[in-house]
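Taken together, the values in this text are just the output of simple stated rules run on the coordinates, not laboratory data. Only a predicted model underlies this, so the values are computations on that prediction, with no experimental measurement involved. Note: ideal-geometry Cβ built from the backbone for every residue, glycine included; neighbour counts use all protein chains shown.
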Amino acid sequence: MNIIVLPSQPHPILSYLKVGRLLYAFLILFFLESSLFWILYITAGENLRPLWSIFWFCCFLFSIIQIFLVMMDGWSRYQNYKRAKDQFFVHGFRKRIAKLYLISKCQRMAAEVAAKELGLELEIKYYYKSKNVKWHHFIPYYVIKDPFFLFKDYFWNKTFLEKHYTAKFNYHALE
């Protein structure tokens, strides 16, 4: 086991927010979008425009679904973060571990936050750079490789339904 001198550990809520910061920015936008669609739905109803009312209500429902999907994605990324942090703590930085989280921007962010909290930030950044990952690679790689990803179990399980992971270490006690 590699001995790692732990930097000061942030509160778990801060880690949760750091892991999903991109997702939560979109969450705010989806709340605003939902509000706008609700106002348009109400306005269309008051003006007795039933087709527009149905259209805006469908848009509102779609934006509400997006809110729940973003929240589920954020929770799944936090599970990735806890797992990555335990793996990096036990094994130190390993390319094999970092590769597990290479698939999407959000998973990379989870691994990067975990690595940073363990003082391994430079190693993981260098590894992802060596894999030609750019800052603008937001779309998960499987979306490009498999156009039918929405119909695959791996998409739903890895994106929104990641199983709960209990951290093996109390990092605050180890500081």
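Here's the yes/no breakdown for (1) crowded, with 17+ Cβ neighbours inside 10 Å; (2) in contact with a helix residue (DSSP H, G or I) (Cβ under 6 Å, 6 or more places away or on another chain); (3) closer than 19 Å to LYS116 by Cα:
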residue	(1), (2), (3)
PRO7	no, no, yes
VAL19	yes, yes, yes
ALA25	no, no, no
LEU32	no, no, no
LEU48	no, no, no
TRP52	no, yes, no
PHE60	yes, yes, no
SER63	yes, yes, no
### Any hit, segment 114-131, residues being of a type in the set (Asp, Glu) and more than 24 Å from GLN9 (Cα to Cα)
no
### Task
Filter segment 97-153 down to the residues that are surrounded by 15 or more Cβ atoms within 10 Å (Cβ to Cβ) and among the hydroxyl-bearing types (Ser, Thr, Tyr), then identify the one that is nearest to the chain's Cα centre (by Cα).
SER104
